[in-house]
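Derivation of every value follows stated rules applied to the coordinates shown; laboratory data play no part. Since we're looking at a predicted model, the values are computed, not measured. Glycine also receives a Cβ, built like all others from the backbone with ideal geometry; neighbour counts cover every protein chain displayed.
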Amino acid sequence: MLRPYTILTTTSAILFLILASVSVPAFAGIAVIVNPGNSINSLNVNEVKLLFLKKRKKFPDGSPAMPINQKEASDLYDQFAQRVLERNSSQMKAYWSTKIFSGIATPPVEVNGDTAMKRRIASKIDAIGYINSDNVDGSVKVVYTSR
């Protein structure tokens, strides 16, 4: 016959193994990227925020900026909205609905995934976007990183 503490210990061990095997998505960081030919070398979080909320249309040097988002339904979009724009996805929907309805602005163009984002950024000198920092390569230049 098993003693109560043996059952509890066995149950705890099984529960620990189940929880340890569940993977939780982790993001190393979000890299805000531009074309390598862009003269901008770094931006602060407020500058990035103003560009992606379309409150500013130019980089700090005066050159035009074209923000590009990841797909709205993606985890990276949600992480970027929370970490950089300081809004959740519902707040972002409300923000863009108001801007569209009032005729002030439209949301940035969207791409599907980091590979598509790097391709778009590499092809446009004025583009700015974001990818998982683990996927940065020589086709883009990092101007800000959020951890």
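Numbers for the structure displayed
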| read-out | value |
| --- | --- |
| Separation in nanometres of the label points that stand 7 Å from Cα toward Cβ, at Ala28 and Lys99 | 3.0 nm |
| Exceeding the 19 Å Cα-Cα cut-off - candidates Lys49/Lys93; Lys57/Lys118; Lys55/Lys124 | Lys57/Lys118; Lys55/Lys124 |
| Relative contact order (percent, whole number), the stretch 26-146, Cα cutoff 8 Å, 6+ residue spacing | 50 percent |
